């Protein structure tokens, strides 16, 4: 281990020899926890085994995002591996139904003969819906990972790592579903049930490709058990026999043997999410679950088409939004709130992210869904936590939730008119109380001549990167900006050509959905600057490049 890697680990609070080894060399058996430690898991397993024995109709009810859909595929693959066919999947429609465990869907499932529902990535707060299912004679097993708010639903079991004494509380929804599969397989084998004993020992590890996709996409902390799941899940992805993954990787021209968390976050996950954003969540599920290569090619092509259409819709909204920003807001305004009843809520998170990347701060955008409800998304550059923002916003929202940098909300037709003032006041309270996050900083100081394969290799020892384990940020000094250009459709992205004043070394530096004016200092050709950046593999031109975080004087 180099001194630089040791320094990076120290900044992450990882200094003890045992902790360093766990971080740099994950071990599946050592670094994952027994599913038996999850509260309610025994009741859930017993009910699933009873349903299988009685050939009951089982429904997997999953959220429509890139956590719920892979989680549904985890359970689907498990049931089909044990040759149990009396199972179906229900994914709610993002606009018509929205997030949640819905009574209308329960009625539909009961009408089709379902007697057991297993939720994925949803259900922890669904008190009324679970009670309704129980009234109709249906058992519900909730597998979820969201925060515990108020009373739990009266389900047969609520499996959530935030309950009880489970050692790692930040699993994603698909990770919790995987735990149920682990526990059920183990118990089925223990009981000597033929359909379970026929499954090879350790087969469930082939499901880690799905768990890794969901863990990365849902932006849960990539530490502890999540880090182990993603570490080994990426290994599975690189040799996955899953036809849908192969078809998508080939279509996107990704290097299968080198698939990384960035490939998942920026290429694979957006295609899965595009399905529900464009009203077809089932297409994404079918891609992950299908077993026929020809069908997989067809679905992958369709998802790419949906993603292209999604980009077009987002681009149109972003163009409208940027015009409104120029008209209504000053550059130093901390909060931007924009809305239009014609905007589709499903794509507003992407649009808000584009606006936020362009100007920083907090951007919230709302639209109207198919039922006439006003819903929206917020994005933050990290200077203000959206969790804190929602907490300080009073009762302006009907409901809200999310992470520090990404969140969603619903607002009444009455309160939408006071939303800009309410959020501006909330940010002012946060900043006055000192809760705003610290300014951007760096992990190490380097020159362009030090950007090398060796340095990239050292940085890569800390991968996979994500929330809780960000990529090391370098402050690159004494660079001359030799060219500034926009690239991509409508010039949405920025690229700088840099040259070291001392050594003459050169590098390409880029960022997506960022205008030159979006940095602390606007880069100008011929001027000298310092940049904050991470080191990336240049997938377009080969070699290495810098991913810009900021440009400084």
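The values are calculated or read from the model by the stated rules, or taken from the named source; none is laboratory data. All of these numbers come straight from a predicted model, not from anything done at the bench. Here the Cβ is made from the backbone with ideal geometry for all residues, glycine too, and neighbour counts use every protein chain on show.
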All conditions in (1) in a loop (DSSP other than H, G, I, E, B); (2) surrounded by fewer than 20 Cβ atoms within 10 Å (Cβ to Cβ) are true of residue 420 except (1)
Which of the residues belonging to segment 236-289 are touching a residue at least 40 places away in the same chain (Cβ under 8 Å), closer than 14 Å to residue 212 by Cβ and in a loop (DSSP other than H, G, I, E, B)? 242, 260
Any chance residue 324 is part of a helix (DSSP H, G or I), without any contact (Cβ under 8 Å) to a residue 24 or more places away in the chain and touching a strand residue (DSSP E or B) at 6+ places or on another chain (Cβ under 9 Å): yes
Does segment 459-468 include one or more residues that are over 24 Å from the mean Cα position of the chain (by Cα) and in contact (Cβ under 8 Å) with a residue 12 or more places away in the chain? no
Checking residue 165 against (1) surrounded by 15 or more Cβ atoms within 10 Å (Cβ to Cβ); (2) touching a residue at least 60 places away in the same chain (Cβ under 8 Å), which test does it fail? (1)
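Checking the condition modelled with pLDDT under 90 and either within 27 Å of the chain's Cα centre (by Cα) or crowded, with 17+ Cβ neighbours inside 10 Å (or both), which residue from 471, 429, 405 passes? Write out each step before concluding.
Numbers: 471 fails: modelled with pLDDT under 90; 429 fails: either within 27 Å of the chain's Cα centre (by Cα) or crowded, with 17+ Cβ neighbours inside 10 Å (or both).
Unique residue meeting the criteria: 405.
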Within segment 13-50, restricting attention to residues that are modelled with pLDDT under 95 and assigned to a helix (DSSP H, G or I), which residue is farthest from residue 141 (Cα to Cα)? 17
Exactly one of (1) touching a helix residue (DSSP H, G or I) at 6+ places or on another chain (Cβ under 8 Å); (2) assigned to a helix (DSSP H, G or I) is unmet by residue 472. Its number? (2)
Quick check: anything in segment 337-345 in contact (Cβ under 8 Å) with a residue 12 or more places away in the chain, in a helix (DSSP H, G or I) and in the same structural domain as residue 428 (by TED's automatic domain parsing)? yes
Neighbours by Cβ (under 7 Å, 6+ apart or cross-chain): first from segment 184-201, in contact (Cβ under 8 Å) with a residue 24 or more places away in the chain; second surrounded by fewer than 16 Cβ atoms within 10 Å (Cβ to Cβ) and not in a loop (DSSP other than H, G, I, E, B): 196/189
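Going by what's in this entry, would residue 313 be described as within 29 Å of residue 233 (Cβ to Cβ), crowded, with 16+ Cβ neighbours inside 10 Å, free of Cβ contacts under 8 Å to residues at least 60 places away in the same chain and under 23 Å from the mean Cα position of the chain (by Cα)? Full working, then the answer.
Details: within 29 Å of residue 233 (Cβ to Cβ): no; crowded, with 16+ Cβ neighbours inside 10 Å: yes; free of Cβ contacts under 8 Å to residues at least 60 places away in the same chain: yes; under 23 Å from the mean Cα position of the chain (by Cα): yes.
Taking the combined requirement at face value, the residue does not satisfy it.
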Residues that are closer than 12 Å to residue 74 by Cβ and in contact with a helix residue (DSSP H, G or I) (Cβ under 7 Å, 6 or more places away or on another chain): find the helices (runs of 4 or more DSSP H) completely inside segment 126-225 holding 1 or more of those. 173-190, 208-217
What residue, of 514, 547, is touching a helix residue (DSSP H, G or I) at 6+ places or on another chain (Cβ under 6 Å) and within 29 Å of residue 461 (Cβ to Cβ)? 514
From the list 323, 375, which one is crowded, with 23+ Cβ neighbours inside 10 Å and at pLDDT 90 or above? 375
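To keep it simple, each residue is scored yes or no on (1) more than 21 Å from residue 270 (Cα to Cα); (2) assigned to a loop (DSSP other than H, G, I, E, B); (3) assigned by TED's automatic domain parsing to the domain that holds residue 400.
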{"position": "70", "(1), (2), (3)": "no, no, no"}
{"position": "79", "(1), (2), (3)": "yes, no, no"}
{"position": "88", "(1), (2), (3)": "yes, no, no"}
{"position": "93", "(1), (2), (3)": "no, yes, no"}
{"position": "108", "(1), (2), (3)": "yes, no, no"}
Restricting the search to segment 485-504, which residues are at negative phi and either part of a helix (DSSP H, G or I) or in contact (Cβ under 8 Å) with a residue 40 or more places away in the chain (or both)? 489, 492, 494, 496, 498, 499, 500, 502, 503
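Kindly indicate which of 507, 478 is part of a strand (DSSP E or B), in contact with a strand residue (DSSP E or B) (Cβ under 8 Å, 6 or more places away or on another chain) and buried (at least 17 other Cβ atoms within 10 Å of the Cβ). Show your work before the answer.
Working: 478 fails: buried (at least 17 other Cβ atoms within 10 Å of the Cβ).
Answer to the selection: 507.
From the list 502, 485, which residue is surrounded by fewer than 18 Cβ atoms within 10 Å (Cβ to Cβ), in contact with a strand residue (DSSP E or B) (Cβ under 7 Å, 6 or more places away or on another chain) and under 26 Å from residue 263 (Cβ atoms)? Working first, answer last.
Numbers: 502 fails: under 26 Å from residue 263 (Cβ atoms).
Among 502, 485, only 485 is surrounded by fewer than 18 Cβ atoms within 10 Å (Cβ to Cβ), in contact with a strand residue (DSSP E or B) (Cβ under 7 Å, 6 or more places away or on another chain) and under 26 Å from residue 263 (Cβ atoms).
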With (1) under 30 Å from residue 268 (Cα atoms); (2) modelled with pLDDT of 95 or more; (3) assigned to a loop (DSSP other than H, G, I, E, B) as the list, and residue 117 as the residue in question, which single condition is left unmet? (3)
Among the residues of segment 184-195, is there at least one that is modelled with pLDDT under 95, assigned by TED's automatic domain parsing to the domain that holds residue 74, surrounded by fewer than 16 Cβ atoms within 10 Å (Cβ to Cβ) and over 16 Å from residue 47 (Cβ atoms)? no
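When you scan segment 379-389, do you find a residue that is over 24 Å from residue 520 (Cβ atoms), buried (at least 19 other Cβ atoms within 10 Å of the Cβ) and touching a helix residue (DSSP H, G or I) at 6+ places or on another chain (Cβ under 9 Å), even just one? Break it down stepwise before answering.
The initial filter retains those residues of segment 379-389 that are over 24 Å from residue 520 (Cβ atoms), namely 387.
Checking the rest, the ones that are also buried (at least 19 other Cβ atoms within 10 Å of the Cβ) come to none.
The answer is no, given that none of the residues of segment 379-389 is over 24 Å from residue 520 (Cβ atoms), buried (at least 19 other Cβ atoms within 10 Å of the Cβ) and touching a helix residue (DSSP H, G or I) at 6+ places or on another chain (Cβ under 9 Å).
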